[in-house]
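Asker: I have a structure I would like to understand better, so I am pasting it below and will then ask my questions one at a time.
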Amino acid sequence: MTLSRLYRIAQQRLRSVLHTDAADEELSRELALHFELLVEELQADGMTREDAQRAARRAVGNVPLLEQQCRDHRRVSWLLDLQQDIVYGWRMLRTNPGFTAVATLSLAIGIGANTAILSVIDAVMRASLAIPQDDRLVVVRTYPLDDPNQETHALLDDYTIWRDASRSFAVMGLALGNQADFGADGDTAPAERIQGQAVSGGTLSALAVQPILGRFFTASETDFGPPSPVMTISHRLWQRRFGSRSDIVGQTARLDRVTRTIVGVMPEGFHYPSEGVDYWIPLGQNEPARLPSRARFFVVTARLKDGVTLEQAQSDMNLIAARQGKEDPDRHRGWGVRVKPVRDAMYGWTRERLLTLEAAVVLVLLVACANLAGLLLARGLARVPEISMRAALGAGRLRIVRQLLAESVLLSLIGGALGVLVAMGGIRVLVGMNPPPGGVKIVDVAVDLRTLGLTALISLTTGLVFGLVPALMSARSGPNKILKDSPAAVTTTVTPRLRNAFVAVQIAVTVVLLVASGLLMRSFLQVATRDIGFDPARLLTFEIHVPMSDYMHRARSGDPWNFEIDPSPAVTFERIYRELTTVPGVESVAGSSFGLLNSVVVPSTNVDVISTTGPRSASGGAAALAIGIGRQSTHLMDRRSLSAAYFLVTPGFFTAIKAALVGGRDFAATDISSSPWVAIVNESAANRFWPGQNPVGRRFTMPGNPDEHPREVIGIVRDIPLTVEGQVTPVIYTSYLQQPLRHLQPVTMFGQMMFMVRASGDPLTLLPAARRIVTDIDPDRPLSNIATMEWRLGSVMPIRGYIAFAITAFALAATLLAAIGIYGVLAHSVSQRVREIGIRFALGAGAYEVVMLIGRRALMVLSLGLAAGLAVSLMLTRLLQSQLWNVEPTDPVTFASVTIMLTIVALAAALIPIRRAAGVNPTVALRCE
Amino acid sequence: MPKPSDLLQGTLDLLILKTLVREPLHGWAISKRIQLLSDDVLAVQQGSLYPALHRLEQQGWVTAEWKGTDQGRNGKFYTLTRDGKRQLERELESWKRLSSAVGLLLERA
């Protein structure tokens, strides 16, 4: 094949494709010339013109056939045919906009949503933790056996036992959460409160992470003697606060007034064990022992031994936990141990919720494909006569199949293109969701091409397979038979059973989605409309911390108590409180030791009720303050003792936050250290400690502290939940000014207060004034955790809300698809049986009977689908339990509403075909085919 | 006009190509020339000629252009290309081989 020949061939091909008409016209001119010359020749032989022409025509033969043969040699007919197929297919799609819209939409949603979710999951799953071999690193936590979802960290005891008894871990370490104020550094770095972690040598070994600058701690720094004043900082802290300076190693910073030397900078993205952690300090040998023994605060990190699987480690720990429960029931009974891969521990919430979304999306894909299949099937059946006609006219089987394929491919391409758009938009929506504190912020998500490809493939295959139905049908019966029979008879050869099965499946899947969405929505609404017990409007909130070293000092040796508070931070808080009340625009000021909502840690205390017959104590000898994790703090306290959460508040607290006092009075400025010590309890506490009686006037003590005075209950307040989603627990409120000054152990809660300032206008306008007041007292003291109360409430919602709304969107899409499916089935059935209906009418049947006849099949399909869907829902919704709040997975109201709603939708969808059936004119039906 | 004999497609190609060696011709002229040069034995019908011509054109053995005939009409004239000339020689070779083989067979049988 020479180059010139190749060129010529290409030229010819191009011409045939691009200038088809010109080439065809040329061809007929050429043949016409030949014809004309032949006629002339015959004339010259003596024939008349007409005879000559007749003879010539006979000689030439079938001109169109000849032209076609010449055209065939152009070797591009396949291309031209394809072009024709595409144009025809496009026209078919355009003239059936309803079908096209639904089909492409189904494809788009199925492909796009799936891809978006999976892309995000993939990004989260593969996000770099900056820890080498992070799949071997685990976090070991404890959880109450009767509430497995309330995980918490470990006791110090747990760590020692686990480290000695377990055989699954190569190394295990301890760490403790920490927060500190970074002291102001001139103008460039204001004081700010930053989260950190105190780590032991074991944790460092387990993490096996190397700083990118400097070094991590040595064993002597972490494990022997008092903790060294060194620290390492995170990459982003280094960038943000220290301007990425190259001489950072060796610099000092003031942390809670302790000067520490920065010895290293951690790699980018390293924020163990939670996203908010920005610095690490050594734990020290003695620190852990200082915390109350019941404090489940210790983060236990471990690295699996080579060859040990997660499951093996888990069973190992289960045995150990059981043994712990037997040997020391007081402390360990009722607690289980969970070994979690670090990735799950850090990103836990995201994965669970995203997986729920993913399950929903798979279901929608299923519905979409079923719908697509059903649509194509129905349309295909209707076109069988047309196809057979074409076959009879000479179209080859291959040609017909090709043309149908072109239509399906076109449909799939459009749907696929839309799907990509949906995927990109979906990713943007998901990334824009605010993760709750502790979750990872997903930033860089690209469309996952594998997922896109896979879902596209599934959908397209469905489209292609079912698009070929009419060709297969006509091939089976043969065109002759098909054309002879009436259209009605043709379609009875196809199993409508298949079509009905599709619709039943669609309905079942839709039911599952609707139930899930109903449950999640109810849950969301419950949380959103929950009565939080106070008025959150226009509240500016911020925290002030006084470092413990400022106020808590070791007492002289020989004293029975170890620590005393001097000077009391209450003095500082009082000053701030008073100054805040004078700021213009401030309606009221309230302060409490911990935030009213979303507090992670809330102390609790044992309560000894003083009955008229003397002090009655329920449990003996617990530590003065047992610390629990707020949310369901009752679980973490020994249930046999009477205990309650414990808040310190400012005078006039409840009036300021507009909580409802159901009895007695609020704290007043007169309740100071020298006046009788008082307390206010909430309704739950009143019910627990003084069941059936009025607690006002009753007295109690909080045991364990020598300086504690008996307190008199002066008021009862309506329950304020500890977190928006938490249950109410008993709470005791006391005044800041009435606190013991000597303690057995250091307690941080006296040094912190969350102020809630109600503004008459926009609360954020008060911020500069508040900042000024605080910095005037101490320039090193930052305001931390600044937010409006409404923002706090709102920040809990988004995830729940988004999930609920997303699932609802899916459910509605599925419902629409299912409705169309039902409509299709009935319309098909009616058109199939028009003659039969006509006959029945003619024979005297009433409209009702005919409707029942048609509707019976639809009813059967609906019932089957509903039953299957409800059954599957009952089994599957259990998986949603962790995301439901105050709603049972088998909530009958939801199930009932879904059933009713779907039935109504089905009836609505059935309306049109049924009316058509009822309106069939028997004479018309019988006459036409 | 004598009845046309059956011609193999390859043979027809050979004839057409040979006819075009001397000068470009249009379809009618080609068929007339073949008829003339074969003493009226071979008469190529339109039904075979034009598909063959078009195939030759598509294959690049000949090119075509529209010119005026000597009678003042417009016709599509086919010209042999250089590749076509080489193809002609190849076809000639195989024709010679074929015909001598047939002759040999007939002699010996």
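None of the figures in this text is laboratory data; all of them are computed from the coordinates on show. In this text the structure is predicted, and so the values were computed from the model without any measurement. For neighbour counting, all protein chains shown are included, and Cβ atoms are generated from backbone atoms with ideal geometry for every residue, glycine included.
Asker: Computed FRET efficiency, Cβ-Cβ of residue A:36 and residue B:104, R0 41 Å: what is it to the nearest 0.05? Please list the in-between numbers first.
Answerer: Numbers: r = 46 Å, r/R0 = 1.13.
For residue A:36 and residue B:104, the calculated efficiency is 0.35.
Asker: Binning at 5 angstrom from zero up to the longest distance, how are the C-alpha pair distances of chain B distributed in percent?
Answerer: Final binned percentages: 2, 11, 21, 22, 19, 13, 6, 3, 2, 1, 0, 0.
Asker: Run the dipole for chain B about the Cα centre, Lys and Arg Cβ at +1, Asp and Glu Cβ at -1, nothing else charged, and hand back the magnitude in debye, nearest 20.
Answerer: On the way: 16 positive and 13 negative charges, 27 e Å.
Computed charge dipole of chain B: roughly 120 debye.
Asker: Let me ask something else. At what distance in nm do the modelled label points of residue A:571 and residue A:58 sit from each other, each positioned 7 Å from its Cα along Cα→Cβ?
Answerer: 13.3 nm
Asker: Which ³J(HN,Hα) values in Hz, rounded to whole numbers, follow from the phi angles of the range B:56-62 under the Karplus curve 6.51 cos²θ - 1.76 cosθ + 1.60, where θ = phi - 60° and Gly and Pro get x?
Answerer: 4, 5, 5, 7, x, 6, 10
Asker: Now a separate question. Got a sec? Charge dipole of the protein assembly as shown, +1 on Cβ for Lys and Arg, -1 for Asp and Glu; which of A:847, A:500, A:168 is way out at the positive end?
Answerer: The listed residue farthest towards the positive side: A:847.
Asker: Residue by residue through the range A:258-268, which ³J(HN,Hα) values in whole Hz follow from phi under the Karplus form 6.51 cos²θ - 1.76 cosθ + 1.60 (θ = phi - 60°), with glycine and proline marked x?
Answerer: Karplus-based 3J(HN,Hα) across the range A:258-268 equals 9, 7, 10, 9, 7, 9, x, 10, 7, x, 5 Hz.
Asker: How high is the FRET efficiency between residue A:205 and residue A:812 when r is their beta carbon distance and R₀ equals 51 Å, given to the nearest 0.05? Before the final figure, lay out the partial values.
Answerer: Details: r = 53 Å, r/R0 = 1.03.
The value I calculate is 0.45.
Asker: Rank the residues A:549, A:673, A:228, A:873 as a footprinting-exposure proxy: fewest other Cβ atoms within 10 Å of their Cβ go first.
Answerer: Listed from fewest to most nearby Cβ atoms, that is A:549, A:673, A:228, A:873.
Asker: Enumerate the amide H contacts of residue A:153 below 5 Å, restricted to partners 5 or more residues apart or on another chain; note that Pro and chain-start residues carry no placed amide H.
Answerer: A:142
Asker: Just to be sure I understand the model, the point goes 7 Å from the Cα along the line to the Cβ. What's the resulting residue A:921 to residue A:672 distance in nm?
Answerer: The two pseudo-label positions are separated by 10.0 nm.
Asker: Compute the helix-to-body angle for B:82-108: its Cα long axis versus the longest principal axis of chain B, expressed 0 to 90° and rounded to tens.
Answerer: 30 degrees
Asker: Under unit Cβ charges (Lys, Arg +1; Asp, Glu -1), what dipole magnitude, rounded to 20 debye, does the range A:133-273 have relative to its Cα centre? Working shown, then result.
Answerer: Details: 13 positive and 17 negative charges, 96 e Å.
Magnitude of the dipole: close to 460 debye.
Asker: Something else about it: For the protein assembly as shown, what's the radius of gyration and Dmax over Cα atoms, in angstrom?
Answerer: Expressed in Å, the Cα Rg and Dmax of the protein assembly as shown come to 44.2, 148.
Asker: Going 7 Å from the Cα of residue A:29 along its beta-carbon direction, which residues of the range B:32-66 have the amide nitrogen within less than 13 Å of the resulting point?
Answerer: B:65-66
Asker: Fewest Cβ neighbours within 10 Å first, please rank A:306, A:776 accordingly.
Answerer: So the residues, fewest neighbours to most, are A:306, A:776.
Asker: While we're here: Provide the gained length on full extension for the span residue A:305 to residue A:215, in nm with one decimal, where the gain is 0.36 nm per separating residue minus the Cα-Cα distance.
Answerer: Numbers: separation 90, 0.36 × 90 = 32.40 nm, distance 2.53 nm.
The span from residue A:305 to residue A:215 would gain 29.9 nm if fully extended.
Asker: Suppose every Lys and Arg Cβ carries +1 and every Asp and Glu Cβ carries -1, with no other charges. What dipole size does the protein assembly as shown come out with about its Cα centre, to the nearest 20 debye?
Answerer: 2880 debye
Asker: A further question on this structure: What spacing in nm lies between the two simple spin-label points modelled at residue B:86 and residue A:424, each 7 Å away from Cα in the Cβ direction?
Answerer: The two pseudo-label positions are separated by 5.0 nm.
Asker: Using a ≥ b ≥ c from the Cα gyration tensor of the range A:217-326 (square roots of the eigenvalues), is it rounded, prolate or oblate, where a/c under 1.5 gives rounded and otherwise the larger of a/b and b/c decides, a/b for prolate? Provide the component values of the computation, followed by the final result.
Answerer: Details: a/c = 2.62, a/b = 1.71, b/c = 1.53.
Here the range A:217-326 falls in the prolate category.
Asker: On to the next question. Work out the charge dipole of the protein assembly as shown with +1 on the Cβ of Lys and Arg and -1 on the Cβ of Asp and Glu about the Cα centre, then indicate which of A:860, A:222, A:123 is farthest towards its positive end.
Answerer: A:860
Asker: Given all pairs of different Cα atoms, what value in angstroms does the Kirkwood hydrodynamic radius of the range A:164-279 take?
Answerer: Working: mean 1/r = 0.0677 Å⁻¹.
Averaging 1/r across every pair of different Cα atoms and inverting gives 14.8 Å.
Asker: Explain nothing, just compute: Karplus ³J(HN,Hα) = 6.51 cos²θ - 1.76 cosθ + 1.60, θ = phi - 60°, for every residue of the range A:892-904 in order, whole Hz, x for Gly and Pro.
Answerer: x, 4, 4, 4, 5, 4, 4, 4, 4, 4, 5, 4, 4
Asker: Next question, about the same structure. So what's the gap between the Cα centers of the range A:58-105 and the range B:41-109, to the nearest angstrom?
Answerer: Cα centroid to Cα centroid, the span is 32 Å.
Asker: Which Cα, out of A:78, A:280, A:920, lies furthest along the positive dipole direction of the protein assembly as shown (beta carbon charges, K/R +1, D/E -1)?
Answerer: Toward the positive end, the furthest listed residue is A:920.
Asker: Now a separate question. Long-range amide H contacts for residue B:26: which residues qualify at under 5 Å (H placed 1.01 Å from N, peptide plane, sequence gap of 5 or more or a different chain)?
Answerer: Those qualifying (amide H under 5 Å, at least 5 residues apart or on another chain) are B:78.
Asker: Between residue A:7 and residue A:101, take the C-beta separation as r, use R0 = 56 Å, and let me know the FRET efficiency to the nearest 0.05. List each step's numbers first, then the result.
Answerer: Details: r = 47 Å, r/R0 = 0.83.
Plugging the Cβ-Cβ distance into 1/(1 + (r/R0)^6) gives 0.75.
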